Each structure stands twice: as C-alpha cells, then as structure tokens.
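Engineer: This is the structure I want to talk about, given as structure tokens.
Rule-based calculations on the coordinates, nothing more; no lab input. All values reported here derive from a predicted model rather than from experimental measurement. Note that each Cβ is placed from the backbone with ideal geometry, even for glycine, and that neighbours are counted across all protein chains shown.
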Amino acid sequence: MDLREFLKSLRDGKIGVDEAVARLRLLAVREVEGACLDVSREARKDVPEMVLAEGKSLEDLLRITKAFYAETGRIIITRISDAQASEIKKAFRGKASILHSKKGRVMVVKSASRAKEDTEKAGAVALLTAGTADIGVAEEARVVMEEMGCRVLTFYDIGIAGMHRLFPAIKKSLEAEVDAIVVVAGMEGALPSIVSSLVAVPVIGVPSSAGYGVGGKGEGALISMLQSCSAGLVVVNIDNGVGAAVAAALISKRVRNLRK
C-alpha cells in the first residue's frame, strides 16, 4: 500500500488509528548486522524495496531478505543466482508466495496477504527487445513493472536486422495506449532510436551487454543511444532493467492518476 492509499484508508475508516500508528512506525530505518535497511521506501516513493543479490554472501542475503519481509511483507531480489534462489526458497517454504524468473534472475517474496492484494493496474507499458540475447534484461524489467502494478505487453526479438518485425509491435502498443515503452538492445543499440521516432510516448532505452569485440559488452549500444537524434528517448545504464522498469512504471502511474 502506497502513502496515498494508506491515507485514504485511514480517512475512510478502513484502518484504525492504532493500525495507522503501527504502520507509520515503518517510516524509519531498520538496522541489521551489516546493513541499514530503508523500510519506508515503498510508502515514501511508491517503489517496492529491492535487494541486489549479486556480490552478497548467502548469509547476508538471507538476513536482509528476512528483515525486509518481516517489515513490509514483500521484497524483490535482483541478480539472484540459482544457488541463492534455492536457499531463499528453502527459507520461505510454506511461509510466503515466491515468484522466480530464472531468465531475469529476479525473485519476489510476498506474504499471503500481499499476494492476494488486488493491485490496481498503473496502466500499460510495452517492453521490446532487439534479440533473444536481450530477454534476460527484459524479464528483470517485466517482473518489476508488474510488481508495481503495470500491465506489460512484451515483444521480443524484433530488432532492426529484420525491420519488418517491429511494426506489428508498434501497432499493438499504440492500440493498447501504452504510457511508456522500454526497449532493450545490444550490438549497435539502434532499436530504441527507431521506436522513439515512431511514437508519442517516452521511450526508455536499455543497452544490453550483448555484442562483439570493440564496443561490445554494451558500450557501443550505450553510446549509440546517448547520441540518438530521436527526441523522447532517455537511456539507463548497461543491463539496468530495474532502472528502466521503475521509471516506466512511475510514468504510467502518473498518467493513470491524471486520467482519473
């Protein structure tokens, strides 16, 4: 529940003062060994808390995940390895709802009450990839956007090497009145610029680390997107599906609120 929904619930008598006080206590920082957790981020920023698993020991990851789960009932874990995912599943087996995208290397751990929440859709966002090598980054973005309440339309492997594949995706996206489009592309990273030239909504380019030799690992794609002459295209860092997803979802939520 975001801060607006929380205040409406208090105003409408759906929650009592004691419960409101208890929830407001979440607007603080909780310290656990080795970490200082911002447990109020979702209420303050309307963005679910996410933990980067990559680089963390299993012990630290379990400790942080359990602490966030206890406070907020939901945690998104990104860049999670299969070994880490296996241990998280063991720790929460029978206690929580777990969604795990192996391809996106992302896991969502939710309490039963949060899993049953009927989240109002923020709107629609289109998610495109140039090639199949970009799908992992896209899947990370998809899970995050869906957790933020977006309806996500996916169109994978429609890059400029076969330009004819792009136009049906653009047509369907426009018909669905998407609020933003996230485009993941490696190699020369040309697809986001082309998409941006065809639509009147913000396009968020995500350079992926797919590529050969000089300019590979996403560097060529990043520079190409940054140098785009197509107005309306903004760019996140290499492989940053999370950053693109949060930006697109916040845009979509704002559009939804203006349409009410």
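Engineer: Among the lysines, select those whose C-alpha is under 26 Å from the C-alpha of LYS171, and discard any that sit fewer than 8 residues away in the same chain.
Structural biologist: LYS121, LYS253, LYS260
Engineer: Roughly how big is segment 70-174's charge dipole about its Cα centre, with Cβ charges of +1 (Lys, Arg) and -1 (Asp, Glu), in debye to the nearest 20?
Structural biologist: 240 debye
Engineer: Moving to a separate point now. Taking a cut-off of 15 Å between Cα atoms, list the aspartates and glutamates near LYS116, but don't count ones fewer than 8 places away on the same chain.
Structural biologist: Within reach: GLU146, GLU147.
Engineer: For a quick protection proxy, order the peptides 105-112, 210-217 by their average other-Cβ count within 10 Å, most packed first.
Structural biologist: 105-112, 210-217
Engineer: In addition: In straight Cα distance, which lysines are under 17 Å from LYS110, not counting same-chain residues fewer than 8 positions off?
Structural biologist: LYS66, LYS89, LYS90, LYS95
Engineer: Hey, another quick one. Let me know the shape class of segment 123-259, please: from the alpha-carbon gyration tensor, a ≥ b ≥ c as square roots of the eigenvalues, rounded when a/c is under 1.5, otherwise prolate if a/b is greater than b/c, or oblate.
Structural biologist: Note, shape of segment 123-259 comes out prolate.
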